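The values are calculated or read from the model by the stated rules, or taken from the named source; none is laboratory data. Note that this is a predicted model, so its numbers are computed, not measured. Every residue, glycine among them, receives a Cβ derived from its backbone with ideal geometry; neighbour counts consider all protein chains shown.
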Amino acid sequence: MSSDLAAQIRVSLQNQGFPIPSLAWIQSALPNRNPLPPLPALVATVKARLLAADLTNPSLFESPVPAFPSNLGNAVVKETKLAKDTPVQVLDIDNLSKSKWEQAEELEAIARGEQTRGREIIRLPTGNENGHGEEDGAGNESTPAAPTVRAGGAPNATTAKGTTHRLVLQDCKGQKVHGLELKRVERIGINTLNIGEKLVLRKGATVARGVVLLEPATCVVLGGKVEAWHRAWVEGRLGRLKEAAEMARQE
């Protein structure tokens, strides 16, 4: 494949607001076919593989990589602004609006096939009573054996407007910082954000005491997921919540 085609794909990604991978990585991400599909299909393929990639892959970006300054996490600095757009990936998400015990109890209720609404207990379908599988919120037929659970949260749950989340974000150099919602960002939520999902923190985003303040104007959710990370996060979430709740109780 010619470098001209890789350059065209890179320009297309840039125009769509995506991080700009190296020409060599783009070439390695393309299908091994001859002839190659049309340009729009190639752009879609590279985009999907970019969103599923680990941003710390040293071959992903050309030097200098678009990363945080090394002192970004310094809690002594009262406030600063990001000097450039910075792509990051999500390593963890925490709902600060509910206690760890509340969240753990919700997951246990889901595992039992129950979900609470106020003081009423709603029994969710756990079998094929009517001979048909139930449909999830996306209109897809789920398996009749258990309710659909996304990202370790409640089935088909929506994120309340007053909810505040804290994220662990990682840049292309592997540096980790916390991101805290200053204003609600629609796509951020336990049931909507994947582990490994890619965000772009726009130039001018505020960093206060080493924490990036997230708001719609400066936080763009691109999508994606690193499947292995996400699966491990979901499977270990209940245990982490219980451990954190127990530690808080003992303090």
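Tell me yes or no: at least one residue of region 19-34 is over 20 Å from Ala52 (Cα atoms), more than 24 Å from the chain's Cα centre (by Cα) and modelled with pLDDT under 95.
Keep residues of region 19-34 that are over 20 Å from Ala52 (Cα atoms), which gives 33-34.
From what's left, more than 24 Å from the chain's Cα centre (by Cα): 33-34.
Now restrict to residues that are modelled with pLDDT under 95: 33-34.
Yes, that holds for at least one residue.
Please indicate, with yes or no, whether at least one residue in region 9-16 is among the basic types (Lys, Arg) and under 23 Å from Leu213 (Cβ atoms).
Of region 9-16, the ones among the basic types (Lys, Arg) are 10.
The next check asks that each one be under 23 Å from Leu213 (Cβ atoms); those that pass are none.
Looking for residues that are among the basic types (Lys, Arg) and under 23 Å from Leu213 (Cβ atoms), one finds none in region 9-16, hence no.
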How many of the residues making up region 2-24 are in contact with a Lys or Arg (Cβ under 9 Å, 6 or more places away or on another chain) and closer than 14 Å to Pro87 by Cβ? 7
So, in region 31-57, exactly how many residues are part of a loop (DSSP other than H, G, I, E, B) and over 14 Å from Gln89 (Cβ atoms)? 8
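Does region 70-81 contain at least one residue that is exposed (fewer than 15 other Cβ atoms within 10 Å of the Cβ), of a type in the set (A, V, I, L, M) and either touching a Cys at 6+ places or on another chain (Cβ under 6 Å) or closer than 30 Å to Ala245 by Cα (or both)?
Applying the first criterion (exposed (fewer than 15 other Cβ atoms within 10 Å of the Cβ)) to region 70-81 yields 70-71, 74-79, 81.
Checking which are of a type in the set (A, V, I, L, M) leaves us with 75-77.
Now drop any that are not either touching a Cys at 6+ places or on another chain (Cβ under 6 Å) or closer than 30 Å to Ala245 by Cα (or both), which leaves 75-76.
Scanning region 70-81 turns up at least one residue that is exposed (fewer than 15 other Cβ atoms within 10 Å of the Cβ), of a type in the set (A, V, I, L, M) and either touching a Cys at 6+ places or on another chain (Cβ under 6 Å) or closer than 30 Å to Ala245 by Cα (or both).
Going by what's in this entry, would Ala104 be described as touching a residue at least 40 places away in the same chain (Cβ under 8 Å) and surrounded by fewer than 12 Cβ atoms within 10 Å (Cβ to Cβ)? Show your work before the answer.
On the way: touching a residue at least 40 places away in the same chain (Cβ under 8 Å): yes; surrounded by fewer than 12 Cβ atoms within 10 Å (Cβ to Cβ): no.
No, not satisfied.
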Are any of the residues in region 18-38 surrounded by 11 or more Cβ atoms within 10 Å (Cβ to Cβ), in contact with a strand residue (DSSP E or B) (Cβ under 8 Å, 6 or more places away or on another chain) and closer than 16 Å to Val226 by Cβ? yes
Scan region 186-208 for residues that are surrounded by fewer than 19 Cβ atoms within 10 Å (Cβ to Cβ) and not in a loop (DSSP other than H, G, I, E, B) and jot them down. Thr206, Ala208
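Only one of Leu30, Leu72, Leu82 is closer than 23 Å to Ser3 by Cα and touching a residue at least 12 places away in the same chain (Cβ under 8 Å). Can you tell me which?
Details: Leu72 fails: closer than 23 Å to Ser3 by Cα; Leu82 fails: closer than 23 Å to Ser3 by Cα.
Only one candidate qualifies: Leu30.
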I'd like the residue in region 150-175 that is surrounded by fewer than 20 Cβ atoms within 10 Å (Cβ to Cβ), polar (S, T, N, Q) and modelled with pLDDT of 75 or more and, out of all such residues, is nearest to Glu114 (Cα to Cα). Thr163
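Assess whether Leu60 counts as being assigned to a helix (DSSP H, G or I) and crowded, with 17+ Cβ neighbours inside 10 Å. Outline the logic, then answer.
Numbers: assigned to a helix (DSSP H, G or I): no; crowded, with 17+ Cβ neighbours inside 10 Å: yes.
Here the answer is no, as Leu60 does not meet what is asked.
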